[in-house]
Structures are given as structure tokens and as C-alpha cells.
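**Q** Could you have a look at this structure, given as C-alpha cells, before my questions?
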Amino acid sequence: MSGPWEKYASPAPPVGDGPWARYGQKQLPPGVLPEGTLDGVGPVSSAQPATEEPTYSGGILPFSRFKDGSVRFDSNAGVVGAVKRAFTLPGDVAAGKVAVRGEDGRLTDEAIERATEMAGVVSPAAATARIPGAGIKAVREPVPPPSAEALKQAADAGYSSAREMGVVYSSDGVKRVADTIAANLEKDGVIAELAPKSFGVLGRLQKPPAGSVATIEGVEAARRAFGNAGKAFDNPTDQMAAARARTGLDRFLENPDPTDVVAGPAAAAGKTLAEARGNHAAAARSNTLQGIDEATGLRTDAANSGLNLDNTLRGRVASALLQPKAIAGFNDAERAALEQVVRGSPARNAARNIGNALGGGGGILASLYGLGGAGLTASGASPTAGLLVAGAPLLGYGARRVANAMAERSLHKADVMVRQRSPLYEQMLAEAPLTVGSVEKKMAVIRALAGAQAQQ
């Protein structure tokens, strides 16, 4: 026999009917595949030059493609390579082959990559760690939400940027949008007599002066007029009509028909306006909650030295929830967070009850505890018992402080949710640096490697 498999021809078992019959035996040595068994990937051989680098290595199977087009078994590729690198990593670190930290003192990219790979191998989920999207993932680092002031500044900058784009619409295009909105409202039984404010604004858009055009500032002003009409809480029908009209104008601004645009990048300007409005709305909602917090603090500071903050905060938030105008623009999740401020958590409610029961707010109940403690001591009872009774208001005071702090945190949580629902926060998330998921698992391995290097 001649060819690459000649050295395996003798001694060989009798040739059978198996897939390796043409090579003179039924089974080849481990790691050796017959030439041409991998369709579409070129010739396959068992020899792999030690100095030749592959052009592509498998992520799961232990095969690599080389410059000559051949695909060969590669112990450094696929899951086999991951396991190999995982178990050789500690030795490589000890031998100095892998530097854990660079000259700047930061973890090296190789250390992070090898440690992450090792974490995936030793994890119970190692079988999925090599499959894209199933194991360790790159995620964005968490970022704090922007402040209300930052949101307002972003909104102002967005409005200015949109105005400077010089977008102009044809009056016929704006009229067509207004006609469509009015027709849809009337089809649903909403007529001018039932929604006078909304139809008043629509009427102005439906009758443009001859030879006129509409600037983006003019259309945005009409949108704000619909917003003001939507504040007619004494007329729910007008509110609904104004909201639908505003939505119709939003569609026109954000996705205009090119034939309705006279000048300027209308689509880009519409997107910029939408982001500005979203940031402005988030800032307004945040200011509403911060106003409640500040007013509550002033009111409680004026009475009981601020010890009644929990109760006062519950009351003010409950009043806001009962006033549709006060919480206009809040979504269901944000309203639920405000309702939680009113209801309180079990721990916060317990602290509140303990504070009330032990006279933590001072007043007559605290005085009674003090007198009771003095009476016990005077009657010959244990001095310890007297001190415990007399000191009960101190425990109540502490419980009140705990309840107040938890109440403020609850309102702050709602405020964070409000500020996170903004285009500015989404942009901050998109620009946040990437980090590898399963951080705890990865860092545990890196710390162990760093410790091993330090010992060496």
C-alpha cells in the first residue's frame, strides 16, 4: 500500500466492510481522519506543523483551517482547546507565561480572556459556555440615571438643534394631516361641540393662509397647543381628542411624507424633537416627585422635628395619586411605585408601628413612659425595669428614624424609574463600556490567579 496511511498497513487486522476498509483496517489512530471526509472544507490530515498558525479555529469542534486550505484536528481549538487552556492556566501564570497585570497595574486582556474561559469550563454550564449567546456574555456596565437638571438641559439642546435644522413643510401636507385627524375623531363620535379646544386647534391647521408654508417650530407649537388642551381634566372627551391629535402630529413629524417636505432634514429633525420631548417629560415627572419630597421635608421639619416624615410622605403621595393632573404622564409601573410609597413595605410598616407604640414621636405618650419608669423605680421595683420603661421612647425614636429613611428611599426609587424612562438614559446605556457577564465567577478566578502569581 502506498499513500499517507502506508505506515498503518502492517500489521493490520483483516480488511472488513467498515468505513476504513480502504485503509487496511477498521479504525484509525485517535485524532486522524481520512482525507475528504469533511465535505466542503478541503483535505484533512493528521499532521499539524507546530509553527503553523491556523487561519480559523472551530468554536466547538476541535478542528482548524490552515493557509493551504486543509482542515486538521487541532487540540487548541473548540471545547478541547478550552479545557486544555483552562487546566494549563495556573501553570502558565506560575511560570510567568501569562501576565496577570500589565505595567499600568491593570488586568491584562489575556488574563481576563483566559480566566473567563476557565470559569466557563469549570462551571456546570460549561457545555453551553462555548455557544454564542448561551454562556458568558458581554453586557453594558450599569450607569446611574441622569438628574432632572441634566434631562432639562438635554431637552433644551434638542429643541434648539431641531429648530436650527431649518425644516419647512408644505401647508397642504399639514392641512391633510389635520383633516385626517378630524375625520377619524368624528367617525368615532367625537365632534367639535364635545371637544371644543382640540377642534379649535385643528381648525387653524385646516385653514392655512394662501401661499404659506409651515415651519417645524409652527407644527411643534400646534402640538404643544394640543398638550394644553389635554389638560382640560373637566372634559375627558376633549382630553382624549387632544391626545389623539397630538399623536397624529407626532407621526407626521417623525415620519413625514417626502412630498410634504419643502426644505431641511425632516426625519432627523422629527427624531431629535421626539427625544427632546421625552427628556423634557422625564424631567417634569422627576420635578413633581422631588417637589413632594421637598414639601414633605419642610412640613415635617416644622412639626415634631421631622419625626413624622413617613406619615406625611404617605399622605402627600396619596393626594397626588388621587389627582389625575398631578400624575399626568406617569406610566403604570411608575404609578405602582408611588402606590408602594403609600402602602409601605412590611419592614417599614413594622418600624412605623414600633415607633408609634413606644412614643418615638415625643408628646404625651413619651411622657407617660418616662413617668411609668420613674414610678416603677420609686415603688421598689428593679431599677433595670424602670430604666427599660423610661427608655422605651428612645427605641421608638430610632424606629421612627428607620421608617422615615425607608420612606424616602421608596420615593427615591420611584424617581429613579422616572428618570430612567428617558432618551438621555437610553443613550447613556448605549454608550456605557462593555464588561463580561458572570462577573463574580470571572473575578474569583482572576483573584486566585493573582494570588498564585504573588506567591511565586
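Coordinate-derived values only; no laboratory data. Please read all numbers here as calculations on a predicted model, not as lab measurements. Neighbour counts are summed over all protein chains in view; Cβ atoms, including those assigned to glycine, are modelled from backbone coordinates with ideal geometry.
**Q** Defining a contact as two alpha carbons under 8 Å apart and six or more residues distant in sequence, what relative contact order in percent does region 166-264 show?
**A** It comes to 44 percent, rounded to a whole number.
**Q** What is the set of long-range amide H partners of ASP74 at a cut-off below 5 Å, with H atoms built 1.01 Å from backbone N?
**A** When sequence neighbours closer than 5 places are left aside, the close amide H contacts are PHE63, SER64.
**Q** Once amide H atoms are built 1.01 Å from N in the peptide plane, which residues 5 or more positions from ARG140, or in another chain, come under 5 Å H to H?
**A** Here the answer is THR435, since their amide H atoms fall under 5 Å of that of ARG140.
**Q** Just grab the label-to-label distance for ALA357 and ASP332, each label 7 Å out from Cα along the Cβ direction, in nm (one decimal).
**A** Using points 7 Å along Cα→Cβ, the separation is 3.8 nm.
**Q** Here's something else I'd like to know. Going by a ≥ b ≥ c, the root eigenvalues of the Cα gyration tensor, does region 166-264 fall in the rounded group (a/c under 1.5), the prolate group (a/b larger than b/c) or the oblate group?
**A** Here region 166-264 falls in the prolate category.
**Q** Would you kindly derive the ³J(HN,Hα) couplings of region 147-153 from the backbone phi angles with the Karplus curve 6.51 cos²θ - 1.76 cosθ + 1.60 (θ = phi - 60°), listing them in order in whole Hz, with x for Gly and Pro?
**A** 6, 4, 5, 5, 5, 5, 5
**Q** Using the Karplus equation 6.51 cos²θ - 1.76 cosθ + 1.60 (θ = phi - 60°), what ³J(HN,Hα) coupling, rounded to whole Hz, does each residue of region 338-347 give in order, writing x for Gly and Pro?
**A** 5, 4, 5, 4, 6, 6, x, 7, x, 5
**Q** Please identify which residues in region 147-170 have an amide N closer than 18 Å to a label point set 7 Å out from the Cα of SER212, following the Cα→Cβ vector.
**A** 167-170
**Q** Taking amide hydrogens as modeled 1.01 Å from N in the peptide plane, which residues meet the under 5 Å criterion relative to VAL262, leaving out close sequence neighbours?
**A** VAL168, TYR169, SER170
**Q** Shifting gears a bit: Round to the nearest 0.05 the FRET efficiency obtained for ALA405 and VAL143 when R0 = 30 Å and r is the Cβ-Cβ distance.
**A** 0.75
**Q** Given the peptides 265-273, 216-224, 183-191, arrange them by the average over their residues of other C-beta atoms within 10 Å, most packed first.
**A** 265-273, 216-224, 183-191
**Q** While we're looking at this one, here's another question. For region 194-209, just list the computed ³J(HN,Hα) in residue order, Karplus coefficients 6.51, -1.76 and 1.60, θ = phi - 60°, integers in Hz, with x standing in for Gly and Pro.
**A** Whole-Hz 3J(HN,Hα) from phi for region 194-209: 8, 9, x, 5, 5, 6, x, 5, 4, x, 5, 6, 7, 10, x, x.
**Q** Could you check the simple spin-label distance between THR247 and SER161, using points 7 Å along Cα→Cβ, in nm with one decimal?
**A** So the label points at THR247 and SER161 sit 2.7 nm apart.
**Q** Give me the number: length gained by fully extending ARG224 to VAL168, i.e. 0.36 nm times residue separation minus the C-alpha to C-alpha distance, one decimal in nm.
**A** Roughly 18.4 nm would be gained on extension.
**Q** Mind giving me the nanometre distance, one decimal, between the label points for LEU429 and LYS97, set 7 Å out from Cα along Cα→Cβ?
**A** About 4.3 nm, to one decimal.
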